[in-house]
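The values are calculated or read from the model by the stated rules, or taken from the named source; none is laboratory data. Note that this is a predicted model, so its numbers are computed, not measured. Cβ placement follows ideal geometry from the backbone for every residue including glycine, while neighbour counts extend to all protein chains displayed. Areas reflect the complete protein model, heavy atoms only, side chains present, ligands, DNA and RNA absent. Shrake-Rupley method; radii C 1.70, N 1.55, O 1.52, S 1.80 Å.
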Amino acid sequence: MRRPVLLVIAHGSRDPRHAATVHALVRRVRAMRPGLRVETGFLDFNIPSVPAVLESMAAEGVRDVVAQPLLLNRAFHAKADIPAVLREAPSRLRIRQAEVLGPSPLLTAALERRLYEAGLTPADKSSTGVVLASAGSTDPEAIAVIAEIAREWRHTGWCAVRPAFASASLPRTEDAVRELRALGCARVAVAPYVLAPGFLPDRIARGAAEADVLADVLGPAPEVARVLLERYDGARVPVMAALGA
């Protein structure tokens, strides 16, 4: 029995760095799971579009697909945009939407990886305050999840961890940086909780001007690829069970 095709659904951006980062992550996923067919579709701005990929797979005779939102939070895109696109897919396709990537301990590990790559060491944790900077959302559930990630991450040894948002919610990155300074943290680091470069990550970077350390976006970190495959496996099991596999 063939495994369902993994369709990674990214938001898309006018910024060419966004698509390049998505494709780098997909290449890592393919390398980690040889033999798994992995396709990429974009909701906006970039090609191929999700509908075009679905039409192409249906024309090839593909039957089973796991659609993986390349999203860190369960907000509007995961709850509305992506389900709407998938409902318009060719009827011959059996599609199951996987859960969003976050929260996950693997993503927290990826955040730390990026901070260490930016110059911190594990010995710096107790004296460093971290701004967990996400894109932001008007969805209360998504905001609550970011706050909870910050609380849990603080308990791993950082001086303090504060959430911040590039849009829709407060505080902004620069305000969280100043708050951590006022708390007396010896240094302040900004950890972007975003997957790829673009307009909002650039806003986070500008807000980090007064910080000591600015980490890179999560991008194709191996931990991100691993959690993506975990979500695929979690959605794939019910599909295969329904087929009698």
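Please enumerate the residues belonging to the range 178-193 that are of a type outside the set (D, E, K, R), out of contact with any strand residue (DSSP E or B) (no Cβ under 6 Å at 6 or more places or on another chain) and in a helix (DSSP H, G or I). Scanning the range 178-193 gives a single hit, 182.
May I ask you to verify whether residue 207 is open to solvent by 40 Å² or more (accessible area, probe 1.4 Å) and either modelled with pLDDT of 95 or more or among the polar types (S, T, N, Q) (or both)? So residue 207 does not fit the description; no. Taking the conditions (1) open to solvent by less than 10 Å² (accessible area, probe 1.4 Å); (2) among the hydrophobic types (A, V, I, L, M, F, W, C); (3) touching a residue at least 60 places away in the same chain (Cβ under 8 Å) in turn, residue 158 satisfies each one other than (3). Give all pairs with beta carbons closer than 6 Å in which a residue from the range 99-111 that is assigned to a helix (DSSP H, G or I) meets a residue that is of a type outside the set (A, V, I, L, M, F, W, C) and open to solvent by 40 Å² or more (accessible area, probe 1.4 Å); count only pairs at least 6 apart in sequence or on separate chains. If the second residue must be of a type outside the set (A, V, I, L, M, F, W, C) and open to solvent by 40 Å² or more (accessible area, probe 1.4 Å), the pairs left are 106/226. Residues considered: 62, 26, 53. Of these, the only one that is part of a helix (DSSP H, G or I) and in contact with a Leu (Cβ under 8 Å, 6 or more places away or on another chain) is 53.
For the range 46-65, the set of residues classified as touching a helix residue (DSSP H, G or I) at 6+ places or on another chain (Cβ under 8 Å) and either farther than 19 Å from residue 92 by Cα or surrounded by fewer than 22 Cβ atoms within 10 Å (Cβ to Cβ) (or both) consists of 46, 48, 51, 64, listed by residue number. For the range 48-61, the condition holds for no residue, the condition being that it is touching a strand residue (DSSP E or B) at 6+ places or on another chain (Cβ under 8 Å) and under 20 Å from residue 234 (Cβ atoms).
Just checking, which of 70, 43, 7 is touching a Gly at 6+ places or on another chain (Cβ under 8 Å) and surrounded by 20 or more Cβ atoms within 10 Å (Cβ to Cβ)? That would be 7, the only listed residue that is touching a Gly at 6+ places or on another chain (Cβ under 8 Å) and surrounded by 20 or more Cβ atoms within 10 Å (Cβ to Cβ).
Here 98, 118 are screened, and the one residue that is at pLDDT 95 or above and surrounded by fewer than 19 Cβ atoms within 10 Å (Cβ to Cβ) is 118. Could you please let me know if residue 133 is open to solvent by less than 60 Å² (accessible area, probe 1.4 Å), free of Cβ contacts under 8 Å to residues at least 24 places away in the same chain and over 22 Å from residue 79 (Cβ atoms)? Criteria not met by residue 133.
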